[in-house]
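The values are calculated or read from the model by the stated rules, or taken from the named source; none is laboratory data. The model shown is predicted, which means the values in this text are computed figures rather than measured ones. Cβ placement follows ideal geometry from the backbone for every residue including glycine, while neighbour counts extend to all protein chains displayed.
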Amino acid sequence: MTDRPASSSFVTSFVVASRYLPVYVAILLLVAVAAIWVPQVLSPVALAAIAPFGALLGITALGQMLVVMTGGIDLSTPGTLTLAAMIMVGVGQQSDDRIWLAVAVAVGVAALIGLVNGILIGGIKLNPLIVTLAVGQVVVGVVNRYAKTFPVQSAVPSAWSDWASTRILGISPIFWAGLAVTGLLIVGLRYTSFGRRFQVVGANPVASQVVGVRVTFNQIMVYVAASALYAVAGVALAGLLRNPGVNIGSPYLLGPIAAVVIGGASLTGGLASPLSTFAAAVFLTGLNQMMLALGLPTSLQFVVFGVVIIGGMLVSGDRIIKGVERVLRDRRRPVSSSSAGTPAGPG
């Protein structure tokens, strides 16, 4: 009697965990291929160079992950990230004394953009794809206009760029900041009542509304939180580049979505793993670096990247869950049918 609940709990944990396995398999395959064809990519110097860019994509992907957990999508990412980087230049005015003011303004403006997205999507119930695409275009226009208010190729405050270029245990502090954000999300989603309610809202908003959970509030605030994470990535990227341009956010349109998909998130909402999403972002960054080291033309890099995204869709978490459930159901079927066919004893 006591073995059945334990067995059921183990099976449930296995089914849930199986959706996140592909990204780790992909990382192992990437390391194996790199070790054979381009071992220089696995050198400490190369890994130290990859780490901060992987973390930047990871932080952005974590924001996108939160949106996907509500069944939505956010295409305003590039504009929001770029605007935050530009604010580090414009508000920072190359003055170390204005660094934290610039960071606060960047995150605040990004949160305001997220609030607009959230109200239009969660409050008015407009289509998230169309809304975030439109808002993103508006933000891109604001970025281009704002960038003309200060000299071309202006730099962020020197102390900020110095921080981004320093090393902690041989790796940029941006990578450790990405791990810290990942850890906070893991704790928040798994061990707090708010995080658990948030996952329930994503998985079943109708049932959540019935039991009194504020679904609309959660749907609005998730876009605010996501945009704040885009801003964090933007200000960190500005420090890394020193002289950010108006197009630095372009690679962050499909990259974060790909990381969320490869990381095993449920595209219908509810389930996702911050650690797997961050790992997927590091995998994509490493894959890009390996293609550069191989000297592949840009056109072929786009092809490989697209194939990887399609592959991620083919082995997405939802498909894996269905496959595992089907296997477990088929294994149980003979047992139930044999017991049903057992003749009854004399009555």
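Residue pairs whose Cβ atoms lie under 9 Å apart, sitting 6 or more positions apart in sequence or on different chains, and linking a residue in the stretch 294-305 that is in a helix (DSSP H, G or I) to a partner that is loosely packed, with under 12 Cβ neighbours inside 10 Å and β-branched (Val, Ile, Thr), do not occur here.
When the stretch 229-247 is examined, which residues are found to be surrounded by fewer than 20 Cβ atoms within 10 Å (Cβ to Cβ) and among the hydrophobic types (A, V, I, L, M, F, W, C)? Residues satisfying the conditions are 241, 246.
Exactly one residue out of 203, 280, 293, 226 is within 23 Å of residue 41 (Cβ to Cβ), touching a Gly at 6+ places or on another chain (Cβ under 6 Å) and of a type in the set (A, V, I, L, M): that is 280. Looking at 164, 180, just one residue is under 19 Å from residue 83 (Cβ atoms) and of a type in the set (Gly, Ala, Ser), and that residue is 164. Taken over the stretch 170-198, the criterion of being surrounded by fewer than 17 Cβ atoms within 10 Å (Cβ to Cβ) and β-branched (Val, Ile, Thr) is satisfied by 186, 187, 192. Can you tell me which residues in the stretch 259-275 are surrounded by fewer than 24 Cβ atoms within 10 Å (Cβ to Cβ), within 13 Å of the chain's Cα centre (by Cα) and either modelled with pLDDT of 90 or more or not aliphatic (A, V, I, L, M) (or both)? 266, 275 - these are the residues of the stretch 259-275 that are surrounded by fewer than 24 Cβ atoms within 10 Å (Cβ to Cβ), within 13 Å of the chain's Cα centre (by Cα) and either modelled with pLDDT of 90 or more or not aliphatic (A, V, I, L, M) (or both).
Name the helices (runs of 4 or more DSSP H) wholly inside the stretch 196-267 in which the number of residues that are under 18 Å from residue 77 (Cα atoms) and either aliphatic (A, V, I, L, M) or in contact with a helix residue (DSSP H, G or I) (Cβ under 6 Å, 6 or more places away or on another chain) (or both) is 1 or more.
Numbers: elements: 205-210, 215-241, 255-262.
Filter on the stretch 196-267 gives 215-241, 255-262.
Looking only at the stretch 30-50, decide whether some residue is at pLDDT 95 or above, aliphatic (A, V, I, L, M) and under 20 Å from the mean Cα position of the chain (by Cα). So far as the stretch 30-50 goes, no, none of its residues is at pLDDT 95 or above, aliphatic (A, V, I, L, M) and under 20 Å from the mean Cα position of the chain (by Cα). Within the stretch 96-117, the set of residues being surrounded by 16 or more Cβ atoms within 10 Å (Cβ to Cβ), under 25 Å from residue 162 (Cα atoms) and of a type outside the set (Lys, Arg) comprises 99, 102, 103, 105, 106, 107, 109, 110. The C-beta contact set for the stretch 280-293 (first residue at pLDDT 95 or above, second residue surrounded by 22 or more Cβ atoms within 10 Å (Cβ to Cβ) and of a type in the set (S, T, N, Q), distance under 8 angstrom, 6+ apart or interchain) comprises 281/60. Considering only residues in the stretch 118-148 that are under 17 Å from residue 222 (Cα atoms), over 21 Å from the mean Cα position of the chain (by Cα) and of a type in the set (A, V, I, L, M, F, W, C), the one that is surrounded by the fewest Cβ atoms within 10 Å (Cβ to Cβ) turns out to be 124.
For residue 201, state whether it is out of contact with any strand residue (DSSP E or B) (no Cβ under 9 Å at 6 or more places or on another chain), buried (at least 24 other Cβ atoms within 10 Å of the Cβ), at pLDDT 90 or above and more than 24 Å from residue 52 (Cα to Cα).
Numbers: out of contact with any strand residue (DSSP E or B) (no Cβ under 9 Å at 6 or more places or on another chain): yes; buried (at least 24 other Cβ atoms within 10 Å of the Cβ): yes; at pLDDT 90 or above: no; more than 24 Å from residue 52 (Cα to Cα): yes.
Criteria not met by residue 201.
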